[in-house]
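Asker: Shown below is the structure under consideration.
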Amino acid sequence: MSVSDLFNQTLLSKYNINGPRYTSYPTALEFDDITAADPLVAALAQSKTKGLSLYIHIPFCHQLCYYCGCNKIVTRHREKADRYLDYLEKEIRQKANHFADTQVHQIHLGGGTPSFLTETQQVRLMGLITANFTLAEDAEIGIEIDPRRMTTAQLRHLASIGYNRLSIGVQDTDYKVQQAINRVQSTEHVALLTKFAQNNGFKSVNLDLIYGLPHQTPDTFAQTLAEVKKMAPERISLFSYAHLPSRFAAQHKIKDNWLPSAVEKTRLMRQAMESLTEVGYVLIGMDHFSLPTDELAVAQAKGQLHRNFQGYTTGGELDLLGLGVSSISAVGNAYLQNPKTLNAYYEKLDNNQDPAVKGVFLTDEDHLRRYIIQQLMCNLTLSFADVEHQFGVDFHSHFANELMALREFEQDGIVNITAQGIEVADHARLFIRIVCMTFDSYLQDASKTHRYSRVI
Ligand code: SF4
């Protein structure tokens, strides 16, 4: 399949609608107030997994990027992170004893900007993790960094305390684009950091790119892509810029008329896909790329890819424990989310309570539908026998309406429904979210789809 097969104009016009990204099911918009006194214990009672993945949110940033939709606090006061670490320590101590017999296979520090922490603060955090959890020998330990305030000496220090995966926010290398998003950074320095990391203990480097940014044109983006390819990272994430100034105030700084049109934006996406795959990167799902030897590409080839709040992953069978403000756990039969403000997060921990305030406990029906959506999102295929064996349902009678609704997709060549199951055509993988929406029982009310971004 070539990239041009992915961009069928008839399908693009008909199906480029709003829809969830399905990093969870039910999606975070369905989370409700938590009423259980000890929600983590209740969730863990239903857990069948023996391994753990940790996500730790560090909310602080040195400077505001105008495109940003993350939960972050922009500040120059690095000592604020000391207080934050005091509370992270409380949360870790409160929760870690529930995982005394569980090995941690993955750790990811996200933000905000995890590299906001000083070396002393980084050592303290890693000490807290290793003192309270048992890490698998080959644990993947990753951190997102801001290249504008990162030196090779700091990278060496991160490697020395255990980090072995790195993610760098590049977004775009063009100066005019960088100025418009208030994120001016040196491409040479990003290249230096990438090479240094690859030669000094980091097994994998991911570079983030965004298409649809102000002043991006095919020419400027070609230059960005050429520079990124030259750096030869193991992974590349390609995100779509969603311009929603009514939700993210900083985006008011980006004028509507600086942005590429919807058609131009789709062209930029296609350009990136063509440019990256022609030098050997493998398209993972809809929006990630990896070298063919990378674990993500291997997992995809084996049909073992999973998806969580960080996107595509290899560790889907693991419980995910989120720590820190706004973090989300996916444990046992529940999603649990911490408060989005520091004050609310601190107050809960001051009262020795589990900080989770929002979430959802999955019903049997949610489990069934989550499995189907995961299979389709990650592996583009679903076996009826597999679902029937795992969930004890008769697929054709249980999902008679959904199978009927899929007929239109079948006529348009997006899916193929056989006696064995459902296969999403490889050339239709950009529309996988709309196929999954058929199985989303929370979208019966069509008006709800307006809360999501466009599928492309
Ligand atoms: S994009 Fe990253 S570095 Fe920029 S403000 Fe948002 S969280 Fe902070």
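Every number in this text was worked out from the coordinates using simple rules, so none of it is lab data. These figures come from a predicted structure and were not determined experimentally. With ideal geometry, Cβ positions are generated from the backbone for all residues, glycine too; neighbour counts draw on all protein chains shown.
Asker: What length, rounded to one decimal in nm, is gained on full extension from residue 100 through to residue 176, with 0.36 nm per residue of separation minus their alpha-carbon distance? Working shown, then result.
Answerer: Values: separation 76, 0.36 × 76 = 27.36 nm, distance 5.10 nm.
This chain segment gains 22.3 nm when fully extended.
Asker: Moving to a separate point now. 222 nm [θ] for the chain, helices only, -39500 (n - 2.57) per DSSP H run of 4+, per residue, to 500?
Answerer: Working: 17 runs with 168 residues, N = 456.
Helix contribution divided over all residues of the chain: -11000 deg cm²/dmol.
Asker: Now, a different point. Stretched out fully, how many nm does the piece from residue 317 to residue 301 gain, at 0.36 nm a residue minus the Cα gap?
Answerer: Between residue 317 and residue 301, full extension yields 4.0 nm more.
Asker: In addition: To the nearest 0.05, what FRET efficiency results for residue 420 and residue 10 with a Förster distance of 22 Å applied to their C-beta separation? Could the numbers behind the result be given before it?
Answerer: Details: r = 28 Å, r/R0 = 1.27.
Using R0 = 22 Å, I get an efficiency of 0.20.
Asker: What is the calculated FRET efficiency for residue 130 to residue 189, with r their C-beta to C-beta distance and R₀ = 22 Å, to the nearest 0.05?
Answerer: Details: r = 31 Å, r/R0 = 1.39.
Using R0 = 22 Å, I get an efficiency of 0.10.
Asker: Suppose every K and R has +1 on its Cβ and every D and E has -1 on its Cβ; what is the size of the dipole of the stretch 159-266 about the Cα centre, in Debye to the nearest 20?
Answerer: Details: 12 positive and 9 negative charges, 57 e Å.
Its charge dipole is roughly 280 debye.
Asker: Taking the number of other C-beta atoms within 10 Å as the exposure measure, put 331, 190 in order starting with the fewest. Provide the component values of the computation, followed by the final result.
Answerer: Working: 331 26, 190 22.
Ordered by Cβ neighbours within 10 Å, fewest first: 190, 331.
Asker: Using 0.36 nm per residue, how much length does the chain from residue 148 to residue 199 gain when fully extended, once their Cα-Cα distance is taken away? Provide the component values of the computation, followed by the final result.
Answerer: Working: separation 51, 0.36 × 51 = 18.36 nm, distance 2.02 nm.
Extra length from residue 148 to residue 199 when fully extended: 16.3 nm.
Asker: Averaging sequence separations of C-alpha pairs under 8 Å and six or more residues apart, then dividing by the length of the chain, give the relative contact order as a whole percent. Let's see the in-between values first.
Answerer: On the way: 767 pairs, mean separation 99.6, N = 456.
Reported relative contact order: 22 percent.
Asker: Sort 281, 175, 15 so the one with the fewest other Cβ atoms within 10 Å of its own Cβ comes first. Walk me through the numbers on the way to the answer.
Answerer: Numbers: 281 23, 175 13, 15 20.
In increasing order of surrounding Cβ atoms, one gets 175, 15, 281.
Asker: Could you grab the Rg to Rh ratio for the chain? Cα atoms only, Kirkwood for Rh. List each step's numbers first, then the result.
Answerer: Numbers: Rg = 21.7 Å, Rh = 23.0 Å.
Ratio of gyration radius to Kirkwood radius for the chain: 0.94.
Asker: Still on this structure, I have one more. Relative to the Cα centre, what is the charge dipole magnitude of the chain, using +1 at the beta carbon of each Lys and Arg, -1 at the beta carbon of each Asp and Glu, and rounding to the nearest 20 debye?
Answerer: Numbers: 43 positive and 50 negative charges, 307 e Å.
Roughly 1480 debye, rounded to the nearest 20.
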